Amino acid sequence: FLDTPGHEAFTAMRARGAQITDIVVLVVAADDGVMDQTVEAINHSKDAGVPIIVAVNKIDKPGADPDKIKQALTEHGLLSEQWGGDTIFCEVSAKKKINIEELLEMILLQADVMELKADPDLPAHGIIIEAKLDRGRGPVATVLIKEGTLREGDSFVSKTEFGRVRAMINDQGRRIKEAGPSMPVEVIGFSSVPQTGAEFLCVEDEKKARSIADYWLRKAREKEISSLSKVTLEQLYQRIKEGVKECNVIIKADVQGSIGAISDALNKLSTDDIKLKIIHCSTGAISETDIMLASASGAIIIGFNVRPDARVVEIAQQEGVEI
């Protein structure tokens with residue numbers, strides 16, 4: 001079970017959850033109804049091609065209306081089996097423990113129908129669900145094993161991080177020696193905190209793990225450096241030839257009216273080859289913050305009837321920003 005929060009801020013987490021699970025149990029409160037996040041979760045599941053079981057929760061509450069939920073969900077393509085559809089609905093109460101067994105049976109039934117299988121004899125392969133830096137234990141990651149068996153002492157790599165399994169803790173907080181397919185475990189022994197959603201792979205030895213991690217680290221650095229290369233008007237023509245599609249511009253002018261006119265004129269200059277993108281415009285002198293914004297976004301600053309002072313010009317030269 002992978003529980004993702006229902007709050008609207010956790011979109012990425014729900015998307016990740018849908019990508020790595022085999023069956024989605026969509027929990028809808030019988031007294032609340034279908035929320036925006038419910039619809040979003042349905043879309044994530046459909047996008048990932050994962051079957052949905054709907055658990056209508058809080059049926060013990062006064063004012064709960066499970067049929068209303070079923071009706072509302074038909075609009076999003078989830079038609080109950082009782083109504084001739086193919087979506088399994090379970091009416092449950094987590095508080096009173098009503099129909100929980102039935103829900104678990106339905107999950108197992110769905111798994112049987114899908115013939116879900118994994119080979120426990122392969123080297124372990126999984127996904128990082130969550131990661132953190134623990135004060136006592138160092139970098140810790142929750143890994144969901146998708147295939148193979150993970151054992152204490154195994155060497156592993158996850159994108160730019162690597163290590164050896166020093167200890168594994170299961171969902172009940174007990175230390176275990178090995179973890180098989182579909183088992184989530186907390187793994188201790190990472191070189192640093194890994195990225196969530198990254199793949200986790202077991203390799204023969206730590207030397208190989210380190211070399212794979214180094215390769216990804218080099219790639220990440222190269223990408224960072226290439227994204228930081230600043231654009232000047234001279235280079236722009238060369239960059240267009242290489243296939244750059246956007247030119248970021250910051251506009252500074254003495255009055256608001258001039259900004260409007262210059263923005264319109266510049267936008268009309270966009271062609272099929274390159275699009276001018278105005279990322280910021282304001283009145284007043286060219287300031288340090290404008291330089292920093294231009295530096296971060298690889299933009300050119302255009303000033304109309306305004307001047308940068310000597311200090312700003314110096315910073316612009318250091319940052320490689322053209323004014």
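Out of the stretch 154-182, which residues are assigned to a loop (DSSP other than H, G, I, E, B), crowded, with 19+ Cβ neighbours inside 10 Å and at negative phi? Spell out how you get there, then give the answer.
Quick first cut of the stretch 154-182, residues assigned to a loop (DSSP other than H, G, I, E, B) only: 154, 159-160, 170-174, 177, 180-182.
Pick out the ones that are also crowded, with 19+ Cβ neighbours inside 10 Å and you get 154, 159-160, 181.
Answer for the stretch 154-182, where residues must be assigned to a loop (DSSP other than H, G, I, E, B), crowded, with 19+ Cβ neighbours inside 10 Å and at negative phi: 154, 160, 181.
Please count how many residues of the stretch 194-236 are at pLDDT 70 or above and open to solvent by 60 Å² or more (accessible area, probe 1.4 Å).
So in the stretch 194-236, the residues at pLDDT 70 or above come out as 194-223.
Filter once more, so that each one left must be open to solvent by 60 Å² or more (accessible area, probe 1.4 Å): 195, 199, 201, 204-208, 210-211, 214-219, 221-223.
Of the residues in the stretch 194-236, 19 are at pLDDT 70 or above and open to solvent by 60 Å² or more (accessible area, probe 1.4 Å).
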Which residues, counting only those in the stretch 269-282, are open to solvent by 60 Å² or more (accessible area, probe 1.4 Å) and over 32 Å from the mean Cα position of the chain (by Cα)?
-> 269, 271
Only one of these conditions is not met by residue 290: (1) of a type in the set (D, E, K, R); (2) in contact with a helix residue (DSSP H, G or I) (Cβ under 7 Å, 6 or more places away or on another chain); (3) under 16 Å from residue 319 (Cβ atoms). Which number is it?
-> (2)
Of the conditions (1) open to solvent by less than 40 Å² (accessible area, probe 1.4 Å); (2) not in a strand (DSSP E or B), residue 128 fails just one. Which one is it?
-> (2)
Failed condition for residue 41, given (1) out of contact with any helix residue (DSSP H, G or I) (no Cβ under 9 Å at 6 or more places or on another chain); (2) closer than 28 Å to residue 126 by Cβ; (3) surrounded by 14 or more Cβ atoms within 10 Å (Cβ to Cβ) | (1)
Test each condition in (1) touching a residue at least 40 places away in the same chain (Cβ under 8 Å); (2) in contact with an Asp or Glu (Cβ under 7 Å, 6 or more places away or on another chain) for residue 98 and report the one that comes out false.
-> (1)
Can you name the condition, by its number, that residue 116 falls short on among (1) in a strand (DSSP E or B); (2) in contact (Cβ under 8 Å) with a residue 60 or more places away in the chain?
-> (1)
Determine which single condition residue 106 fails, assuming it passes every other condition in (1) surrounded by 15 or more Cβ atoms within 10 Å (Cβ to Cβ); (2) under 27 Å from the mean Cα position of the chain (by Cα).
-> (2)
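Here's the yes/no breakdown for (1) in contact with a strand residue (DSSP E or B) (Cβ under 9 Å, 6 or more places away or on another chain); (2) within 30 Å of residue 297 (Cα to Cα); (3) of a type outside the set (Asp, Glu); (4) free of Cβ contacts under 8 Å to residues at least 12 places away in the same chain:
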site: 148; (1), (2), (3), (4): yes, no, yes, no
site: 153; (1), (2), (3), (4): yes, no, yes, no
site: 164; (1), (2), (3), (4): yes, no, yes, no
site: 197; (1), (2), (3), (4): yes, yes, yes, no
site: 205; (1), (2), (3), (4): yes, no, no, no
site: 213; (1), (2), (3), (4): yes, yes, yes, no
site: 219; (1), (2), (3), (4): no, yes, yes, yes
If residue 82 passes every condition in (1) within 29 Å of residue 183 (Cβ to Cβ); (2) at pLDDT below 80; (3) open to solvent by 50 Å² or more (accessible area, probe 1.4 Å) but one, which one does it miss?
-> (1)
Considering residues of the stretch 183-193 that are among the β-branched types (Val, Ile, Thr) and more than 24 Å from residue 121 (Cβ to Cβ) only, the residue most open to solvent (accessible area, probe 1.4 Å) | 193
Selected residue (only one of 78, 26, 103 is farther than 30 Å from residue 185 by Cβ and in contact with a strand residue (DSSP E or B) (Cβ under 7 Å, 6 or more places away or on another chain)) | 78
Taking the residues in the stretch 44-65 that are under 27 Å from the mean Cα position of the chain (by Cα) and part of a strand (DSSP E or B) as candidates, determine which candidate is surrounded by the most Cβ atoms within 10 Å (Cβ to Cβ).
-> 54
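Yes/no per residue for (1) touching a strand residue (DSSP E or B) at 6+ places or on another chain (Cβ under 6 Å); (2) of a type in the set (Asp, Glu); (3) modelled with pLDDT of 90 or more; (4) open to solvent by 40 Å² or more (accessible area, probe 1.4 Å):
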site: 258; (1), (2), (3), (4): yes, no, no, no
site: 266; (1), (2), (3), (4): yes, no, no, no
site: 289; (1), (2), (3), (4): no, no, no, yes
site: 295; (1), (2), (3), (4): no, no, no, no
site: 299; (1), (2), (3), (4): yes, no, no, no
site: 313; (1), (2), (3), (4): no, no, yes, yes
site: 320; (1), (2), (3), (4): no, no, no, no
Residue 22 passes all but one of the listed conditions (1) in contact (Cβ under 8 Å) with a residue 60 or more places away in the chain; (2) open to solvent by less than 60 Å² (accessible area, probe 1.4 Å); the exception is number (2)
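Test residue 4 against the criterion of being within 24 Å of the chain's Cα centre (by Cα), polar (S, T, N, Q) and under 28 Å from residue 112 (Cα atoms), and give yes or no. It would help to see each step written out before you state the result.
Values: within 24 Å of the chain's Cα centre (by Cα): yes; polar (S, T, N, Q): yes; under 28 Å from residue 112 (Cα atoms): yes.
In short, yes.
The values are calculated or read from the model by the stated rules, or taken from the named source; none is laboratory data. This structure is a prediction, so every number in the text was calculated from the model and none was measured. Methodologically, a virtual Cβ is constructed for each residue, glycine included, from the backbone with ideal geometry; neighbour enumeration extends over all protein chains shown. Quick note on the areas: whole protein, heavy atoms, side chains included, nothing else; ligands and nucleic acids left out. Shrake-Rupley method; radii C 1.70, N 1.55, O 1.52, S 1.80 Å.
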